[in-house]
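Here is the structure we will look at.
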Amino acid sequence: MTATQPASSPGPPDDALGATVERITNDVVRSFDGAPDVRLREVLAALVTHLHALATEVTLTQAEWEAGIRFLTAAGQMCDDKRQELILLSDALGLSMIVDAVSEHLPAGATESTVLGPFYVPDSPQRQYGESIAERPSGEPTWVYGVVRALEGRPIVGAELDVWQNAADSLYAVQNPDDPQDNLRGRFRTRDDGSYGFVAVRPTDYTIPADGPVGDLLRATARHAWRPAHLHLIVRAQGYRTLTTHVFDAESEHLGSDAVFAVKPSLVRTFVARAADDPARPAGIEGPWTSVENDIVLAPLGVEP
């Protein structure tokens, strides 16, 4: 290097860089002007604007951009009919709960919603009142019961509760090839008084799958992968908004540090320990068991808070 050569090549002045970024962003946003779907146009324009702003704010390097592409590619490659790594990524980044917050505007008194999670499987078997969702021994039996009501307190007849949960080994049936695929899953209808009841197993705290890109992200950021113990429910009824929610165990160790940020205090319930000879023991339960009462209030369609 001679004395007349600069030590390095300076980048463009900030004002020149700003003008370049603005021009590129505006050109891309304008490219969507012909989109016939107004909402698609709005979402894409905002997405591009924020993505470009992010890249500019952190001075994203080519190597970092390539690493991000590899990460998203790997996440997509891990998705199949039994696992949704991209939903898991959304959950772990808190995006799922932001979408829940901005889209689920429920009126006061309605049961709150939370994340769907990556292991929901449609078309669970229809089961009868009081039936067990455990198709093999999976943990401590738990009687789950309650009433589904409208906001004004009227019981909702024929509401469907689509329920699923993990087993004592922390796995959902779709994660365990040795499990019957309908284990710890089922759909129930409320009776004439709006009541429902079924036998589950007491859920346990468990880690979200950490053997893929999301697990790599958690380790790189020194975050744990634990979720507090919970049951999943989707509740559907004609004329009412579909509710996706959880029932959290009040004794869970990780209520205050859910890896997917999904805990809402109103969804935490007390699981009551019961003796084997408790006269209220439901049919089919042997030995010690627990019970949890969980009433559900649905919002009617078209009603905002």
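The values are calculated or read from the model by the stated rules, or taken from the named source; none is laboratory data. All figures in this text were calculated on a predicted structure; none of them were measured in a lab. As a convention, Cβ positions derive from the backbone with ideal geometry for all residues, glycine included, and neighbour counts pool all protein chains shown. With ligands, DNA and RNA removed, areas are computed over all heavy atoms of the protein, side chains included. Shrake-Rupley method; radii C 1.70, N 1.55, O 1.52, S 1.80 Å.
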Matching residues, the range 252-277, being open to solvent by 60 Å² or more (accessible area, probe 1.4 Å), of a type outside the set (D, E, K, R), within 21 Å of residue 130 (Cα to Cα) and part of a loop (DSSP other than H, G, I, E, B): 270
Filtered residues of the range 35-84 (kept if outside any helix (DSSP H, G or I), within 24 Å of the chain's Cα centre (by Cα) and surrounded by 12 or more Cβ atoms within 10 Å (Cβ to Cβ)): 78, 79, 82, 83, 84
Matching option when the condition is in contact with a helix residue (DSSP H, G or I) (Cβ under 9 Å, 6 or more places away or on another chain) and under 30 Å from residue 248 (Cα atoms), among 34, 117, 94, 109: 117
Residue match in the range 278-292 (condition: of a type in the set (S, T, N, Q) and open to solvent by less than 50 Å² (accessible area, probe 1.4 Å)): yes
Criterion (surrounded by 12 or more Cβ atoms within 10 Å (Cβ to Cβ) and farther than 30 Å from residue 154 by Cβ) met by exactly one of 96, 124, 132: 96
